[in-house]
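Single-structure report; data block below.
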Amino acid sequence: MTKAKALPDQAQEAVADPVWRVYGLSLSYFTGKIEAYLRAKGQDYRLIEMSAADLRRCASITGVAWMPQVEMDDGRWLTDSCRIIEYVEARSTKPAITPANPAVAFVAGLIEDFGDEQLWRPALYYRWAFAEDQRLRGEQIARTMLRELRLPLWLKTRIVIARQRRVYMAGDGVTSDNRFAVEAEYLHCLDALEPVLASQPFVLGDRPTEADFGLFGGLFRHFAEDPTPAAIMASRAPAVLAWTRRLWSLRPQDFSHAPKAIRIPENLGLLALAITSRFLPMLSAHQQAWANGAALARYEHFGARFETRVNPYRVWRLARLQGRFAALPEEAALEVEAWLSDATAVRLLRSSQSQPVPQPISLPIPPANGGRLDRRPRDRQWRRE
Ligand SMILES: N[C@@H](CCC(=O)N[C@@H](CS)C(=O)NCC(=O)O)C(=O)O
């Protein structure tokens, strides 16, 4: 009998490896969000710790230089965590995380947006503002992303720290005058969530939703795992800490029979306030600056001023939210309005953008050899430069 010939690598993988590949970093905000989501859905995946060259290669396929980038088992790609979840939810139903009630589903998506975009600055701030955190994470990124760069580790670590502080502190408008407001965002988030998660397993009740996964990126990968914010969380919000562990270890059988929320829970008032008083005004400032062709977006948080370059990705994110609000049945819209209880926020959600809005690439993205993008990829804010 002749021995069967081994398949060439590619073909062997296609037959034997039905897992998805998640290109990211094990310390990354949005990689953590998508990993937790795929684990909860029972979708097998393999995390590939990205090097800078991997990031460039993925960006040439998906058009955006960010992480995670997900390659499905059929070779097609997904990118942008909120759209990855939307794509998977629309196709694989069991167990669904999207609430069936339209008002609750809207709020779940809104809280996901808040987690993705409003917690980003404090999460990056706590990682890069303090010596212990920056040393730990700077060296980890130097060992992984910069592994192909032939320089001593200490120098690569310094390069990483300097880059991250420049981009995510100074570049995100953090100054000595407003840093107290960045810290307050984190502390208020803990205070908003602690009583909720002490009394129920997930943000909207008995079942995880987009709200949990959106909040998870910042709360798990940064706040619960970077030394300075982790110490704060452990003493100030133990139920939030327990929830990060609960979500990370969640499997489909843990929640497939849990009832879906049929109304917006009443205990989320502080989160609604964070959304109406800080998050939506910030998105609105980006939208207005974009519409006026201005370079900078300006807004206040806790009375402190912030000024950052206009973020086209956030302009799209607000347009998406407005589109979702417009699609709600009137009764559900009224329920959301009552929850928000803020006339300015409601006006913003009820309006639409007059200027053309930047648009994402449609998903799924064909395999790498199906034609690479000929334009330079966008950065994480959707700028090309
Ligand atoms: N909207 C994207 C954001 C992805 C993102 O910004 N990821 C960060 C790391 S967690 C990144 O790639 N940063 C790139 C950089 O620092 O230039 C998503 O939700 O997936």
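The values are calculated or read from the model by the stated rules, or taken from the named source; none is laboratory data. Small disclaimer: the values here were computed from a predicted structure and weren't measured. Reconstructed Cβ throughout: ideal geometry from the backbone, glycine too, with neighbour counts over all protein chains shown.
Pairs under 6 Å by beta carbon, first residue part of a helix (DSSP H, G or I) in the range 154-177, partner among the basic types (Lys, Arg) and more than 11 Å from the ligand (Cβ to nearest atom), six or more apart or different chains? Sorted first by the residue in the range 154-177, then by its partner, the pairs are 172/121.
Counting only residues that are in a helix (DSSP H, G or I) and under 17 Å from the mean Cα position of the chain (by Cα), which one in the range 220-242 is nearest to residue 134 (Cα to Cα)? Here the answer is 222. When 238, 227, 208, 195 are checked against the criterion of being more than 16 Å from the ligand (Cβ to nearest atom), of a type outside the set (Lys, Arg) and within 28 Å of residue 89 (Cβ to Cβ), a single residue qualifies: 208.
Identify the residue in the range 63-81 that is in a strand (DSSP E or B) and not β-branched (Val, Ile, Thr) and, among all such residues, is nearest to the chain's Cα centre (by Cα). This residue is 69.
Table: residues versus (1) crowded, with 23+ Cβ neighbours inside 10 Å; (2) within 13 Å of the ligand (Cβ to nearest atom); (3) free of Cβ contacts under 8 Å to residues at least 12 places away in the same chain.
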site: 37; (1), (2), (3): yes, yes, no
site: 45; (1), (2), (3): no, no, no
site: 79; (1), (2), (3): yes, yes, no
site: 91; (1), (2), (3): no, no, yes
site: 112; (1), (2), (3): yes, yes, no
site: 115; (1), (2), (3): yes, yes, no
site: 121; (1), (2), (3): yes, yes, no
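None of 60, 26 is in contact with a Lys or Arg (Cβ under 6 Å, 6 or more places away or on another chain), of a type in the set (Ser, Thr, Tyr) and either at pLDDT 95 or above or outside any loop (DSSP other than H, G, I, E, B) (or both) except 60. For residue 296, indicate whether it is in contact with a Lys or Arg (Cβ under 7 Å, 6 or more places away or on another chain) and without any contact (Cβ under 8 Å) to a residue 60 or more places away in the chain. Spelling it out, residue 296 is indeed in contact with a Lys or Arg (Cβ under 7 Å, 6 or more places away or on another chain) and without any contact (Cβ under 8 Å) to a residue 60 or more places away in the chain. Taking the listed residues 318, 363, the one that is of a type outside the set (D, E, K, R), assigned to a loop (DSSP other than H, G, I, E, B) and in contact with a helix residue (DSSP H, G or I) (Cβ under 7 Å, 6 or more places away or on another chain) is 363, with no other qualifying.
Here residue 59 meets each of (1) under 21 Å from residue 223 (Cβ atoms); (2) in contact with a Pro (Cβ under 8 Å, 6 or more places away or on another chain); (3) among the aliphatic types (A, V, I, L, M) with one exception, condition (1). Count of the range 198-219 residues, restricted to those that are assigned to a helix (DSSP H, G or I) and surrounded by fewer than 23 Cβ atoms within 10 Å (Cβ to Cβ), is 2.
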